[in-house]
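Please read the structure below before turning to the comments.
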Amino acid sequence: MKKQLLLTLGVLLLLTGWLSAFLLTSVPQQKSLFILGPTLLLGGGMGVVLKSVGGKLTAVTLALTALTALLTMNQLFPSRGVSISAFQKRMQGENVPGVTVPLRIHDSDKTVSDLRGQTLEAFSAVEVNLFAQLPAAPGRMAFDSQLQLFVTIPDLGAVYRLTDRDQDGFAEQPLLYYVGLDQPTGLAWSRSKLYVAEPSRVVELIDSDQDQQVDRERVLISGLPDDGGHWRRFLLSADNQLYLGIGSSCNLCEETDPLRAKVLRINAQTGEYAVFARGLRHLTGMAFSPDQQLWASEAGRTGLTADIATNEINLLQAGEDYGWPYCFGQQQADPSYAQPKRCEVTQAGIMQFSGDQIPQGLTFAGKDLAAAENVSYLYVILSGPKSRVIRFPYIAGRISLPAEPFLQGWESDQQAWGQPADIVNGHDGCLYLGDRLANGIYRICGREGD
């Protein structure tokens, strides 16, 4: 009887250890110290089982409990793609050093002396060019069908156009495309028309004589909430529809404006719109995956301890509620409201990040920057004590965990010289990264010959 009780205890310890280990891989930016919990549970379980049934049966029990825990996790969280290999990578540690990559600056550019000599740390075979230096901090970016890059500059109320006619990896002189807007941020092309989101409206910029200068604007939507709070807007297009993210007016409150903390889906022709998703405190980025699923990064509420994962990446679906202000993470009730029943009908985050790691934007890119053929990656900017870009393999509609480091090193002598804040796929096999602190845009490409 005592032997059976010991065996049962050992199996329970092993199951709990495996479950907590696999669950831990779904929160990729948690502290490395947290792995001690699963390690102790697994070690204790193995010791108890070994004492009860011997070495061979212990190995069998270890494998069976791992498989049971894995099947349980994938049943509970089918979109997570939890795997034993992800846990093994976590156990092996994530502090593998990268390779120093110099920031390449055009030889003729005399305006970027502060960035000369700067380097980044890369975890993939890439080269990084300073594609363009701008007169002020960039907002959002979008490519047109001619592969020209357009970028908003909120502080100047302007949109700039960037081209690389000689295809040397560096843009020519940035050209002013339009000015006179009110803090423009969101930017999207839809059927050869350019749309820009200000805090209170969305406008179409029209170049009727095709001289690369806007000569008039058409107001698509007006009267959006502009009474403080999060004023930056994110705009994305697909199939003649625009998706507009509108943040909250506060850190934690029950909104009175029906458009706050929502994503709207807008008809790009008529301006008619409807609420697509709700419960998103501060949407910082949106991107469609290769299989046309809509993903978004969100900065959650502040004020809790840094190890509580309130920042998220969500899979957005029409009509769903993503929790704020009542819930966050895995349908966890916010302590200020404590309404767990309400959380049962909200959508859980696909990935969570601790309070000191804020996702600032995301995009999908294909095999040109990947380590394997036919694998897409989700690239995510994280801001915090140190800015960095991480990535997740995206296979068969699933994000594979844990996170892989991709690019970091925007600090020198404990002083930040850059702050990446937006990222887009350039359709040329390269990523384009906007930097609000350095007033620049980087072009990140796979290194030839690798």
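The values are calculated or read from the model by the stated rules, or taken from the named source; none is laboratory data. Everything quoted here is computed from the prediction, not taken from an experiment. Here the Cβ is made from the backbone with ideal geometry for all residues, glycine too, and neighbour counts use every protein chain on show.
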Considering only region 95-132, state which residues are touching a helix residue (DSSP H, G or I) at 6+ places or on another chain (Cβ under 8 Å) and assigned to a strand (DSSP E or B). 103, 126, 130
Assess whether residue 182 counts as being assigned to a loop (DSSP other than H, G, I, E, B) and under 27 Å from the mean Cα position of the chain (by Cα). yes
What is the number of the single condition among (1) modelled with pLDDT of 95 or more; (2) within 20 Å of residue 419 (Cα to Cα); (3) touching a Leu at 6+ places or on another chain (Cβ under 9 Å) that residue 138 does not meet? (3)
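May I ask you to list the residues in region 205-263 that are among the polar types (S, T, N, Q) and assigned to a loop (DSSP other than H, G, I, E, B)? Let's see the steps before the verdict.
To start, the set of residues in region 205-263 that are among the polar types (S, T, N, Q) comprises 208, 210, 212-213, 222, 237, 240-241, 248-249, 251, 256.
Of everything in region 205-263, those that are among the polar types (S, T, N, Q) and assigned to a loop (DSSP other than H, G, I, E, B) turn out to be 208, 210, 212, 213, 222, 240, 248, 249, 251, 256.
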With 214, 202, 263 as the choices, which residue is within 23 Å of residue 174 (Cβ to Cβ) and among the β-branched types (Val, Ile, Thr)? 214
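Suppose the filter is basic (Lys, Arg), free of Cβ contacts under 8 Å to residues at least 24 places away in the same chain and within 22 Å of residue 285 (Cβ to Cβ); does residue 218 pass it?
Numbers: basic (Lys, Arg): yes; free of Cβ contacts under 8 Å to residues at least 24 places away in the same chain: yes; within 22 Å of residue 285 (Cβ to Cβ): no.
Here the answer is no, as residue 218 does not meet what is asked.
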Single unsatisfied condition, residue 319 versus (1) closer than 22 Å to residue 397 by Cβ; (2) touching a Gly at 6+ places or on another chain (Cβ under 7 Å); (3) surrounded by fewer than 17 Cβ atoms within 10 Å (Cβ to Cβ): (2)
Positions within region 393-415 being in contact (Cβ under 8 Å) with a residue 24 or more places away in the chain and either in a loop (DSSP other than H, G, I, E, B) or over 17 Å from residue 101 (Cα atoms) (or both), in sequence order: 394, 395, 397, 398, 399, 400, 401, 402, 403, 404, 409, 410
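Looking only at region 400-415, filter to residues that are among the aliphatic types (A, V, I, L, M) and at pLDDT below 90; which one of those is farthest from residue 430 (Cα to Cα)? Full working, then the answer.
Here is the first cut: in region 400-415, the residues among the aliphatic types (A, V, I, L, M) are 401, 403, 407.
Add one more test, that the residue is at pLDDT below 90, and what stays is 401, 403.
Working: 401: 23, 403: 20 Å.
Result: 401.
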So the check is Cβ under 8 Å with 6+ separation or different chains; which pairs have a first residue in region 364-379 that's modelled with pLDDT under 60 and a second one that's surrounded by 16 or more Cβ atoms within 10 Å (Cβ to Cβ) and assigned to a helix (DSSP H, G or I)? none
Residue 277 being under 23 Å from residue 326 (Cα atoms), hydrophobic (A, V, I, L, M, F, W, C) and either part of a loop (DSSP other than H, G, I, E, B) or at pLDDT 95 or above (or both): yes
Does residue 196 satisfy the criteria of being touching a residue at least 24 places away in the same chain (Cβ under 8 Å), part of a loop (DSSP other than H, G, I, E, B) and surrounded by 19 or more Cβ atoms within 10 Å (Cβ to Cβ)? no
